[in-house]
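Please treat every number below as a calculation from the coordinates, not as lab data. Here the structure is a predicted model, which means the values were calculated and not measured. Methodologically, a virtual Cβ is constructed for each residue, glycine included, from the backbone with ideal geometry; neighbour enumeration extends over all protein chains shown.
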Amino acid sequence: SATVLAGCMFGSAMADGMVVGFSQIGSESGWRAAETTLTKQQAEKRGVDLKFADAQQKQENQIKALRSFIAQGVDAILVAPVVATGWDEVLEEAKDAEIPVILLDRTVDASKDLYMTAVTSDLVHEGKVAGEWLVKTAGDKSCNIVELQGTTGSSPAIDRKKGFEEAIAGHDNLKIVRSQTGDFTRTKGKEVMESFLKAEDGGKNICALYAHNDDMAVGAIQAIKEAGLKPGTDILVVSIDAVPDIFLAMAAGEANATVELTPNMAGPAFDALEAFKKDGTMPPKWIQTESKLYTQADDPQKVYEEKKGLGY
Ligand code: AHR
């Protein structure tokens with residue numbers, strides 16, 4: 001309709017000419033790569049001049065990038081913080097320079113006054129959803145769980161662990177027997193799963209794998225197959241992200257469930273910046289994205305086809 005069209009034109013005019021720095025963590029997972037693609041697409045669509053910096057998994061590189069954005073006098077900064085701590089000083093510097101900072105997909109342990117808003121999912125809830133799925137699926141069966149954690153010190157690794165533990169608490173038949181970081185990567189997920197399998201009688205003592213992201217689960221599935229076991233049957237697999245490849249694994253019966261995390265964090269972030277630019281509207285401190293559970297009952301092959309084009 002005319003109203004919608006006018007709104008759209010006005011929206012894009014608002015962002016037009018804005019210079020925004022984006023400090024990305026790196027490219028550890030399929031989800032992360034999609035977030036980068038979508039951020040660039042969103043910027044282009046809105047006429048935002050995006051200054052992109054890849055931190056190669058290092059916080060020090062992110063801090064350097066933020067300082068360089070501040071020195072350039074950008075209009076705003078987007079940052080996906082690799083770890084939760086150690087941000088106060090550089091966020092103070094951005095605040096002093098009156099440059100709004102928006103956190104994407106991960107949270108920080110810093111005062112909320114130091115950033116404009118955080119676009120994230122409820123990371124504890126994601127872990128809880130995964131844990132509740134396992135509680136329901138395992139029933140009364142005794143179940144030894146192995147856990148592949150995300151990057152040490154990152155908010156998703158901390159919170160997804162917490163949420164999952166909360167969900168299985170009080171269910172004495174469910175026990176986490178091994179837990180180690182797989183750095184959110186396929187390679188490390190596979191490597192650590194191999195060591196879990198070796199340590200647990202070739203995998204015979206393992207009933208389920210909980211991975212903090214799909215990429216680690218995909219790597220672990222390979223390790224399970226190489227150990228002569230059937231992922232999805234001998235060892236249940238539940239993870240987080242809902243990237244296309246996990247749906248292929250689910251369609252093949254090799255993964256069981258995943259919790260969706262949208263890679264489009266930039267859309268709501270740019271919306272917030274546009275509203276702020278227009279009339280000074282401050283967004284809420286937390287813009288929460290949805291967390292949806294997918295299981296093998298959700299036609300994984302179809303979801304795979306649908307997801308493929310969406311930044312992946
Ligand atoms: O912060 C979000 C997490 O980071 C995603 O779940 C994971 O795939 C990524 O690397």
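Only counting other Cβ atoms within 10 Å, I'd like TRP286, TRP31 sorted with the fewest neighbours first.
Going from least to most buried by this count: TRP286, TRP31.
Please rank MET216, MET282, fewest neighbouring Cβ atoms within 10 Å first, as an exposure proxy.
Listed from fewest to most nearby Cβ atoms, that is MET282, MET216.
Could you name the lysines in cross-link range of LYS45, using Cα to Cα under 24 Å and dropping any fewer than eight places away on the same chain?
By straight Cα distance, LYS45 reaches LYS277, LYS278, LYS307, LYS308.
Quick one: order ARG186, ARG67 by neighbouring beta-carbon count within 10 Å, fewest to most.
Ascending Cβ contact count within 10 Å gives the list ARG67, ARG186.
Could you work out the relative contact order of the chain, using alpha carbon pairs under 8 angstrom and six or more residues apart, expressed as a whole percent?
Computed value for the chain: 18 percent relative contact order.
How much of the calculated P(r) for the chain lies past 31 Å, in percent of all Cα pairs?
Summing the P(r) of the chain above 31 Å gives 33 percent of all pairs.
Take every Cα pair under 8 Å in the range 148-193 that's 6+ residues apart, average their separations, divide by the length, and report that relative contact order as a whole percent.
53 percent
Can you flag which of LYS162/LYS292; LYS141/LYS230; LYS40/LYS128; LYS95/LYS285; LYS40/LYS190; LYS175/LYS302 are past 23 Å Cα-Cα?
LYS40/LYS128; LYS40/LYS190; LYS175/LYS302
Just tell me the longest site-free run in the chain, where the sites are GluC sites (Glu not before Pro) in a DSSP loop having at most 12 other beta-carbon atoms within 10 Å.
The segment 99-289 is the longest one with no such site.
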